[in-house]
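Worksheet: one structure, shown below.
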Amino acid sequence: MKLWIRRNESLRNGVMILLAVLAGGVLSRLFPVGVAVAQSKPQAAKVVVAQEFRLVDDEGKTRARLSLVEGEPNLDLFDAAGKPRLELTLVKGEPNLVLVPTSLS
């Protein structure tokens, strides 16, 4: 009886290993994983096209924004509280700079 149980356990373990190998093979075909290769120097994009760019801090707050306002380029800088501190834009083609002191906000 003990001999039969040992043989049965060995058979069961062998079947489990075979099933695990087969399952791994099937999963590797269904969900292929690419090899990650580190680049020595990151490649910069030649051109980035957008209507607005935002620079955010670690908390996700917008600290700078480059956008179009009424078709004119606009650069806004914000403090850590999210309040505007500087705006540089074109108004009818003429440069316009607005500085906002902390006492006014």
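Values in this text are rule-based calculations from the coordinates and carry no lab data. Predicted, not measured: the structure shown is a model, and the values here were computed from it. Cβ atoms come from the backbone with ideal geometry, glycine included; neighbour counts cover every protein chain shown.
Electrostatic bookkeeping for residue 76 treats Lys and Arg as +1 and Asp and Glu as -1; over the other residues with beta carbon under 10 Å from its beta carbon, the sum is +3. In this label model, residue 83 and residue 56 are separated by 2.3 nm, measuring between points 7 Å along each Cα→Cβ vector. In segment 52-104, Cα pairs under 8 Å separated by at least six residues give a relative contact order of 22 percent.
Label sites at residue 17 and residue 49, each approximated as a point 7 angstrom past Cα along Cα to Cβ, lie 5.9 nm apart.
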